[in-house]
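The values are calculated or read from the model by the stated rules, or taken from the named source; none is laboratory data. Small disclaimer: the values here were computed from a predicted structure and weren't measured. Cβ sites come from the backbone with ideal geometry, for glycine too, and all protein chains shown count toward neighbours.
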Amino acid sequence: MDTHFAPFSARARAEHLASLTGETWDLLIIGGGITGAAAARDAAGRGLRVALVDAGDLARGTSSRSSRLIHGGIRYLETGNLRLVFEASAERRRLLGLASHLVHPLPFLFAVYRGEPVGLRKLQAGMWLYDALSLFRNISRHRMVSRARMKDEEPGLRTDGLAGAALYYDASVDDARLTLANARGAHEAGAAVVPHAEVSGFLRDPRGVSGVRVRDCLNPRADTVDVRARVILNATGPWSDAVRTLADSGTKPRLRPTKGVHIQVRRDRIGNRHAITFRSPVDGRVMFVLPWGDFSYVGTTDTDYVGSPADVRADESDVKYLLDSANGIFPAAKLTGSDVVSTWAGIRPLLAPDKADGGLAASATSREHEIWRDRSGLLNIAGGKLTTYRVMAGQAVDAAARLLKEAGVASGESPTAHLPLPGDPQEPWEEFLARVVHEAVGAGLDADVGEHLARAYGEDAEAVLAAVRRDAEAGRRLMAGHPYIWAEVDHAVNAEMAMRLEDVLIRRMHLFYEAVDGGLAVAEEVGRRMARADGVGWSEAQIAAQVESYRQAVAATRGFGG
């Protein structure tokens, strides 16, 4: 579908918002996380008229607070969920090809200690099954690593009781940018994408919900607008039950929300060379120590959560559990709370088990997704995992397409199985990376900046480099020791629809998580630069409000609940 909107920018958001009331949309999607963004891209690619709204930024919830993995789900082998592992393995292989700048092979070592429920032989059998479920087309087949060899592979790993390990492959991903790429793909296919636009109520006709009332969160003085649609899809993740209740106050909750917390430390404090899968010495749960550039992060918790998803954060008990688990497997690290650079916490929108399964542990609750229609007429999708987002989104649009067909609206087939995401390089990754680094150095930047640009933007790194060539000042680092440059602030607003200071520093870049002060030292300067952009135009008071809101967000990830 052709689009007449501006490039994916702050100005385009204003155009999208103005377009919401001009027609009856085929599909209105509530929720700008990975599932909602992917569903919008899928549906627009089928030729449907699609609008997407979210009360906050794209990926502001669970979709930017995950373990940052695209993985087959080796731990699901224990629960016998082979179908999910097979599906996830296929999607891992697909995404490595369709988003090679964002999804990268990651070698894992699964360490086994004497006395654990899964011994070395059972692990090896599981690894063969893991390879088989990927049709032996994973990045590489597993291999077993002896206890003696482990001293060379991971010298900091605890050796007491170590039986050996398995080396296998999954993939890492920038979850926020994966969501952003899907949202941009939806925009380029003709969808109206409007972040920071809250659904405050529903419109109804005799058949059920027929539209929503939308409030512009960036302009408190603006009137609420009515948006009409033939089908409305609720893809709000942990907010699903709240949206369902807004549509029908008598609806029964479907979710069992659980909290997942990660802590991030300097990588040299742990010294891990690989991603490490292990059983926590605290309670036996399968967890990870994962590399992320100069950092490592440890996760995750899995505990029931009560409260607003907007208020979720790591508390002292979460941090202590993760530190104790990491120290148990890397004893020389002796990590303490002062080593924690940042934390993040997200809510898994898991579907509540049947009453017959009462007492099921949070970590044992199914990761399967479900699509259903409420008596209000609202279509919903919940559950699932990041790796299989494309499949989930496609199935949700299939359900919407069946409803639309009954209303006389035809649509095509899903195009996403073979459609690269925006930014995906057209050449092999290693060649592309070398070329961007070379061009970055030629533009006066350091090699680490060039590598960052390649990984964050893919083919769009050229637009950032072009800005640096026009103005060398745009190539300055925001903060020493971090690869982010000032040209990225402009790019975030003008090409990635960043509307708030938090959108830029938390999800377009990751300075929020990587700087000791969360980037507060440059927050005001970033805000002033954003204020000059087309479609933003903040006053001095608005800049100050943005900085204060950001300061509170930083404090929430460093205070451990205090």
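A few remarks follow.
- For the stretch 271-295, residues that are among the acidic types (Asp, Glu) and not in a loop (DSSP other than H, G, I, E, B) total 0.
- Count of the stretch 211-225 residues which are part of a strand (DSSP E or B), of a type in the set (A, V, I, L, M) and within 27 Å of the chain's Cα centre (by Cα): 2
- One residue from 51, 43 being buried (at least 19 other Cβ atoms within 10 Å of the Cβ), within 30 Å of residue 410 (Cα to Cα) and touching a Phe, Trp or Tyr at 6+ places or on another chain (Cβ under 9 Å): 51
- Complete set of residues in the stretch 372-417 that are among the polar types (S, T, N, Q) and more than 19 Å from residue 210 (Cβ to Cβ): 387, 388, 395, 411, 414, 416
- You will find that of 327, 380, the residue that is assigned by TED's automatic domain parsing to the domain that holds residue 165, modelled with pLDDT of 95 or more and among the polar types (S, T, N, Q) is 327 and no other.
- Residue count for the stretch 231-267, restricted to those that are of a type outside the set (Ser, Thr, Tyr) and assigned to a strand (DSSP E or B): 15
- If you go through the stretch 296-330 and keep only what is under 26 Å from residue 161 (Cα atoms) and part of a strand (DSSP E or B), you end up with 296, 297, 298, 299.
- For the stretch 395-432, the tally of residues that are in a helix (DSSP H, G or I), of a type in the set (Gly, Ala, Ser) and surrounded by 20 or more Cβ atoms within 10 Å (Cβ to Cβ) stands at 3.
- For the condition assigned by TED's automatic domain parsing to the domain that holds residue 471, of a type in the set (Val, Ile, Thr), modelled with pLDDT of 95 or more and not in a helix (DSSP H, G or I), residue 516 qualifies.
- The strands (runs of 3 or more DSSP E) found wholly in the stretch 78-180 and carrying at least 3 residues that are under 30 Å from residue 456 (Cβ atoms) occupy 103-113, 162-173.
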